[in-house]
Amino acid sequence: MVSHFKFYARTSCICLAFLFFTTQGVEGSFYQDKARGWFWYEDPEVEMGDDVQEVTQTQKDQNEKSVQTEVTTAPNYGEQLQKYKKTLEDKKAKALMSPTYSHVKDYMTAQKDMSDRASLFSEQWQRVVITTPALNPEVKNPTSHYISHVKKDEDRMARQAALARMAKTYGLFLFVSNNCSYCKAFAPVVKTFAEAHGFEVIVISLQGSVDADIESLFPSIWKNNGMAETFGIQSAPALMAYSAKDDDLIPITYGATSLDTLETNVMALMQPQEKDDGGENYA
(Lines give C-alpha, C1' and ligand atoms only; values in the text may rest on other atoms or scores of the structure.)
Protein backbone atom coordinates (compact mmCIF):
# COMPACT_ATOMS: atom_id res chain seq x y z
CA MET A 1 0.00 0.00 0.00
CA VAL A 2 2.78 2.41 0.89
CA SER A 3 4.69 1.53 -2.28
CA HIS A 4 1.64 2.26 -4.39
CA PHE A 5 1.20 5.62 -2.73
CA LYS A 6 4.83 6.55 -3.40
CA PHE A 7 4.46 5.57 -7.05
CA TYR A 8 1.41 7.79 -7.53
CA ALA A 9 3.03 10.69 -5.71
CA ARG A 10 6.14 10.48 -7.83
CA THR A 11 4.09 10.34 -11.02
CA SER A 12 2.06 13.39 -9.97
CA CYS A 13 5.21 15.42 -9.31
CA ILE A 14 6.56 14.61 -12.75
CA CYS A 15 3.30 15.72 -14.43
CA LEU A 16 3.20 18.97 -12.47
CA ALA A 17 6.77 19.75 -13.43
CA PHE A 18 6.02 19.10 -17.10
CA LEU A 19 3.01 21.42 -16.97
CA PHE A 20 5.07 24.14 -15.32
CA PHE A 21 7.75 24.16 -17.99
CA THR A 22 5.17 24.06 -20.79
CA THR A 23 3.36 27.09 -19.36
CA GLN A 24 6.62 28.97 -19.03
CA GLY A 25 7.30 28.43 -22.73
CA VAL A 26 3.92 29.85 -23.75
CA GLU A 27 4.20 32.82 -21.41
CA GLY A 28 7.72 33.51 -22.62
CA SER A 29 6.48 33.62 -26.17
CA PHE A 30 3.88 36.27 -25.25
CA TYR A 31 6.26 38.44 -23.22
CA GLN A 32 8.88 38.31 -25.95
CA ASP A 33 6.36 39.62 -28.51
CA LYS A 34 3.80 41.40 -26.31
CA ALA A 35 3.19 44.09 -28.97
CA ARG A 36 1.01 41.60 -30.82
CA GLY A 37 -1.56 41.56 -27.98
CA TRP A 38 -3.76 38.75 -26.75
CA PHE A 39 -5.83 38.51 -29.87
CA TRP A 40 -3.09 38.44 -32.54
CA TYR A 41 -3.85 35.95 -35.22
CA GLU A 42 -1.76 35.01 -38.20
CA ASP A 43 -3.08 33.19 -41.21
CA PRO A 44 -1.11 30.10 -41.85
CA GLU A 45 0.91 30.11 -45.03
CA VAL A 46 -0.84 28.06 -47.62
CA GLU A 47 1.24 26.41 -50.24
CA MET A 48 -0.42 26.30 -53.62
CA GLY A 49 -0.46 22.86 -54.97
CA ASP A 50 -0.25 21.91 -58.63
CA ASP A 51 -4.04 21.63 -58.88
CA VAL A 52 -4.58 25.18 -57.59
CA GLN A 53 -1.96 26.61 -59.98
CA GLU A 54 -3.61 24.84 -62.90
CA VAL A 55 -7.01 26.29 -61.97
CA THR A 56 -5.53 29.80 -61.70
CA GLN A 57 -3.83 29.53 -65.09
CA THR A 58 -7.04 28.21 -66.64
CA GLN A 59 -9.00 31.15 -65.25
CA LYS A 60 -6.37 33.57 -66.63
CA ASP A 61 -6.58 31.97 -70.07
CA GLN A 62 -10.37 32.24 -70.00
CA ASN A 63 -10.19 35.95 -69.13
CA GLU A 64 -7.78 36.60 -72.01
CA LYS A 65 -10.04 34.72 -74.42
CA SER A 66 -13.01 36.75 -73.17
CA VAL A 67 -11.19 40.01 -73.92
CA GLN A 68 -10.17 38.80 -77.36
CA THR A 69 -13.75 37.74 -78.06
CA GLU A 70 -15.04 41.19 -77.13
CA VAL A 71 -12.55 42.80 -79.53
CA THR A 72 -13.31 40.46 -82.40
CA THR A 73 -17.07 40.70 -81.93
CA ALA A 74 -17.15 44.52 -82.06
CA PRO A 75 -19.66 45.57 -84.75
CA ASN A 76 -18.21 46.49 -88.13
CA TYR A 77 -20.63 49.21 -89.17
CA GLY A 78 -19.00 49.64 -92.55
CA GLU A 79 -19.70 46.05 -93.49
CA GLN A 80 -23.22 46.31 -92.04
CA LEU A 81 -23.94 49.36 -94.19
CA GLN A 82 -22.69 47.66 -97.34
CA LYS A 83 -24.83 44.61 -96.63
CA TYR A 84 -27.85 46.83 -95.90
CA LYS A 85 -27.43 48.73 -99.18
CA LYS A 86 -26.94 45.53 -101.14
CA THR A 87 -30.06 43.99 -99.61
CA LEU A 88 -32.07 47.08 -100.54
CA GLU A 89 -30.73 47.04 -104.11
CA ASP A 90 -31.51 43.35 -104.44
CA LYS A 91 -35.09 43.90 -103.27
CA LYS A 92 -35.44 46.81 -105.68
CA ALA A 93 -34.10 44.77 -108.59
CA LYS A 94 -36.40 41.88 -107.74
CA ALA A 95 -39.41 44.21 -107.57
CA LEU A 96 -38.55 45.80 -110.93
CA MET A 97 -37.74 42.59 -112.76
CA SER A 98 -40.55 40.59 -111.17
CA PRO A 99 -43.17 43.08 -109.93
CA THR A 100 -45.36 40.72 -108.01
CA TYR A 101 -47.40 41.93 -105.05
CA SER A 102 -45.06 40.35 -102.50
CA HIS A 103 -41.88 41.58 -104.22
CA VAL A 104 -43.10 45.17 -104.44
CA LYS A 105 -44.36 45.11 -100.87
CA ASP A 106 -41.05 43.67 -99.69
CA TYR A 107 -39.13 46.46 -101.41
CA MET A 108 -41.48 49.17 -100.13
CA THR A 109 -41.04 47.88 -96.59
CA ALA A 110 -37.26 47.96 -96.94
CA GLN A 111 -37.39 51.43 -98.48
CA LYS A 112 -39.53 52.71 -95.60
CA ASP A 113 -37.00 51.32 -93.13
CA MET A 114 -34.24 53.19 -94.94
CA SER A 115 -36.31 56.38 -94.93
CA ASP A 116 -36.96 56.06 -91.19
CA ARG A 117 -33.26 55.58 -90.52
CA ALA A 118 -32.42 58.62 -92.63
CA SER A 119 -34.99 60.73 -90.76
CA LEU A 120 -33.57 59.66 -87.41
CA PHE A 121 -30.05 60.44 -88.61
CA SER A 122 -31.17 63.89 -89.76
CA GLU A 123 -32.83 64.60 -86.40
CA GLN A 124 -29.74 63.58 -84.46
CA TRP A 125 -27.58 65.67 -86.79
CA GLN A 126 -29.71 68.71 -86.06
CA ARG A 127 -29.49 68.10 -82.30
CA VAL A 128 -25.70 67.90 -82.48
CA VAL A 129 -25.50 71.11 -84.52
CA ILE A 130 -27.74 72.98 -82.08
CA THR A 131 -25.88 71.83 -78.97
CA THR A 132 -22.32 72.04 -80.38
CA PRO A 133 -21.30 75.61 -81.31
CA ALA A 134 -18.09 74.46 -83.00
CA LEU A 135 -20.16 72.48 -85.53
CA ASN A 136 -22.86 75.11 -86.04
CA PRO A 137 -22.23 77.30 -89.13
CA GLU A 138 -24.93 79.69 -87.92
CA VAL A 139 -22.59 80.92 -85.19
CA LYS A 140 -20.21 82.61 -87.64
CA ASN A 141 -22.49 82.89 -90.67
CA PRO A 142 -26.05 83.57 -89.50
CA THR A 143 -28.73 83.14 -92.15
CA SER A 144 -31.65 84.71 -90.30
CA HIS A 145 -32.81 87.80 -92.17
CA TYR A 146 -32.65 90.16 -89.19
CA ILE A 147 -29.17 88.90 -88.23
CA SER A 148 -27.53 88.28 -91.60
CA HIS A 149 -27.41 91.99 -92.45
CA VAL A 150 -25.22 92.53 -89.37
CA LYS A 151 -22.76 89.97 -90.70
CA LYS A 152 -22.84 91.58 -94.15
CA ASP A 153 -22.15 95.01 -92.67
CA GLU A 154 -19.21 93.65 -90.69
CA ASP A 155 -17.79 91.94 -93.78
CA ARG A 156 -18.21 95.10 -95.86
CA MET A 157 -16.42 97.25 -93.29
CA ALA A 158 -13.59 94.74 -92.98
CA ARG A 159 -13.26 94.55 -96.77
CA GLN A 160 -13.13 98.33 -97.08
CA ALA A 161 -10.45 98.55 -94.41
CA ALA A 162 -8.37 95.88 -96.14
CA LEU A 163 -8.68 97.56 -99.55
CA ALA A 164 -7.74 100.96 -98.10
CA ARG A 165 -4.65 99.40 -96.57
CA MET A 166 -3.72 97.77 -99.88
CA ALA A 167 -4.06 101.12 -101.66
CA LYS A 168 -1.18 102.44 -99.56
CA THR A 169 1.17 99.90 -101.15
CA TYR A 170 -0.32 99.11 -104.57
CA GLY A 171 -1.30 101.20 -107.57
CA LEU A 172 -3.39 100.14 -110.57
CA PHE A 173 -2.38 99.87 -114.22
CA LEU A 174 -5.37 100.04 -116.60
CA PHE A 175 -4.48 98.85 -120.10
CA VAL A 176 -6.80 100.17 -122.83
CA SER A 177 -6.82 100.52 -126.59
CA ASN A 178 -8.31 103.08 -128.98
CA ASN A 179 -11.91 102.64 -130.13
CA CYS A 180 -12.51 99.90 -127.51
CA SER A 181 -16.14 99.86 -126.36
CA TYR A 182 -15.36 97.50 -123.47
CA CYS A 183 -12.57 99.83 -122.33
CA LYS A 184 -15.00 102.78 -122.33
CA ALA A 185 -17.50 100.79 -120.26
CA PHE A 186 -14.92 99.47 -117.82
CA ALA A 187 -13.07 102.73 -117.20
CA PRO A 188 -15.84 104.29 -115.01
CA VAL A 189 -15.97 101.10 -112.92
CA VAL A 190 -12.23 101.32 -112.26
CA LYS A 191 -12.62 105.02 -111.47
CA THR A 192 -15.34 104.33 -108.88
CA PHE A 193 -13.33 101.52 -107.33
CA ALA A 194 -10.15 103.60 -107.13
CA GLU A 195 -11.86 106.61 -105.56
CA ALA A 196 -13.73 104.46 -103.04
CA HIS A 197 -10.57 102.84 -101.69
CA GLY A 198 -7.81 105.33 -102.49
CA PHE A 199 -5.99 103.56 -105.34
CA GLU A 200 -3.94 105.58 -107.83
CA VAL A 201 -4.63 104.61 -111.45
CA ILE A 202 -2.31 104.93 -114.44
CA VAL A 203 -3.80 104.30 -117.89
CA ILE A 204 -1.54 102.67 -120.48
CA SER A 205 -2.59 102.80 -124.12
CA LEU A 206 -1.70 99.69 -126.07
CA GLN A 207 -1.88 101.52 -129.40
CA GLY A 208 -2.38 105.09 -130.44
CA SER A 209 -4.25 107.67 -128.48
CA VAL A 210 -6.77 107.16 -125.70
CA ASP A 211 -10.47 107.84 -126.14
CA ALA A 212 -11.60 111.17 -124.77
CA ASP A 213 -14.08 109.52 -122.39
CA ILE A 214 -11.27 107.61 -120.70
CA GLU A 215 -8.88 110.55 -120.79
CA SER A 216 -11.42 112.68 -118.94
CA LEU A 217 -11.52 110.17 -116.09
CA PHE A 218 -7.80 109.62 -115.52
CA PRO A 219 -5.15 112.34 -115.67
CA SER A 220 -2.20 109.92 -115.75
CA ILE A 221 -1.96 108.33 -119.21
CA TRP A 222 1.15 106.57 -120.48
CA LYS A 223 2.02 105.22 -123.90
CA ASN A 224 3.00 101.61 -124.16
CA ASN A 225 6.78 101.41 -124.05
CA GLY A 226 7.02 97.65 -123.83
CA MET A 227 5.17 97.25 -120.53
CA ALA A 228 2.27 95.38 -122.13
CA GLU A 229 4.66 92.86 -123.67
CA THR A 230 6.56 92.55 -120.40
CA PHE A 231 3.36 91.88 -118.47
CA GLY A 232 1.93 89.59 -121.14
CA ILE A 233 -1.01 91.87 -121.96
CA GLN A 234 -2.42 90.93 -125.36
CA SER A 235 -5.92 92.42 -125.23
CA ALA A 236 -7.77 95.27 -123.54
CA PRO A 237 -9.11 96.13 -121.12
CA ALA A 238 -6.87 94.62 -118.46
CA LEU A 239 -6.25 95.73 -114.88
CA MET A 240 -3.05 95.06 -112.92
CA ALA A 241 -2.00 95.94 -109.37
CA TYR A 242 1.63 96.94 -108.98
CA SER A 243 3.76 97.61 -105.91
CA ALA A 244 6.89 99.65 -106.57
CA LYS A 245 8.04 98.86 -103.04
CA ASP A 246 8.01 95.10 -103.54
CA ASP A 247 8.27 95.11 -107.36
CA ASP A 248 5.19 92.90 -107.30
CA LEU A 249 2.66 92.69 -110.14
CA ILE A 250 -0.75 91.06 -109.62
CA PRO A 251 -3.28 90.59 -112.44
CA ILE A 252 -6.72 91.69 -111.23
CA THR A 253 -8.86 91.06 -114.31
CA TYR A 254 -8.62 90.48 -118.04
CA GLY A 255 -11.67 92.03 -119.66
CA ALA A 256 -14.43 94.27 -118.34
CA THR A 257 -16.20 93.31 -115.12
CA SER A 258 -18.58 94.74 -112.52
CA LEU A 259 -17.62 96.69 -109.41
CA ASP A 260 -18.54 93.83 -107.05
CA THR A 261 -16.52 91.33 -109.07
CA LEU A 262 -13.61 93.75 -109.17
CA GLU A 263 -13.61 94.07 -105.37
CA THR A 264 -13.89 90.30 -104.98
CA ASN A 265 -10.96 89.71 -107.35
CA VAL A 266 -8.77 92.23 -105.56
CA MET A 267 -9.52 90.69 -102.17
CA ALA A 268 -8.92 87.16 -103.42
CA LEU A 269 -5.70 87.89 -105.30
CA MET A 270 -4.11 90.52 -103.07
CA GLN A 271 -5.14 89.19 -99.65
CA PRO A 272 -2.53 86.36 -99.69
CA GLN A 273 0.19 88.93 -100.34
CA GLU A 274 -0.92 90.86 -97.28
CA LYS A 275 -0.99 87.74 -95.10
CA ASP A 276 2.53 86.85 -96.19
CA ASP A 277 3.63 90.31 -95.06
CA GLY A 278 2.23 89.65 -91.58
CA GLY A 279 -1.01 91.57 -92.03
CA GLU A 280 -4.33 90.50 -90.58
CA ASN A 281 -6.79 88.43 -92.53
CA TYR A 282 -9.97 90.37 -93.27
CA ALA A 283 -11.51 87.85 -95.65
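With respect to (1) more than 30 Å from Phe231 (Cβ to Cβ); (2) surrounded by 12 or more Cβ atoms within 10 Å (Cβ to Cβ); (3) of a type in the set (A, V, I, L, M), the lone exception for Leu172 is condition (1).
Given Ile250, Ile202, which one is within 18 Å of Tyr182 (Cα to Cα) and touching a residue at least 24 places away in the same chain (Cβ under 8 Å)? Result: Ile202 is the single residue among Ile250, Ile202 that is within 18 Å of Tyr182 (Cα to Cα) and touching a residue at least 24 places away in the same chain (Cβ under 8 Å).
Between Met227, Met166, Met240, which is touching a Pro at 6+ places or on another chain (Cβ under 6 Å) and not basic (Lys, Arg)?
Met240
Put simply, of Ala110, Ala118, Ala134 the only residue that is closer than 16 Å to Tyr84 by Cα, assigned to a helix (DSSP H, G or I) and within 28 Å of the chain's Cα centre (by Cα) is Ala118. Total residues in the range 175-220 satisfying the condition of being small (Gly, Ala, Ser) and part of a strand (DSSP E or B): the figure is 1. For Asp113, are the conditions met, namely being assigned by TED's automatic domain parsing to the domain that holds Lys86 and exposed (fewer than 14 other Cβ atoms within 10 Å of the Cβ)? Judged against the criteria, Asp113 is a match. Residues of the range 231-250 that are surrounded by fewer than 15 Cβ atoms within 10 Å (Cβ to Cβ) and not aliphatic (A, V, I, L, M): Gly232, Gln234, Ser235, Lys245, Asp246, Asp247, Asp248. You will find that of Ser216, Ser235, Ser181, the residue that is small (Gly, Ala, Ser) and in contact (Cβ under 8 Å) with a residue 12 or more places away in the chain is Ser235 and no other.
The values are calculated or read from the model by the stated rules, or taken from the named source; none is laboratory data. Everything numeric in this text was worked out from a predicted model, so none of it was measured. Note that we place each Cβ from the backbone using ideal geometry, even for glycine, and neighbour counts take in every protein chain shown.
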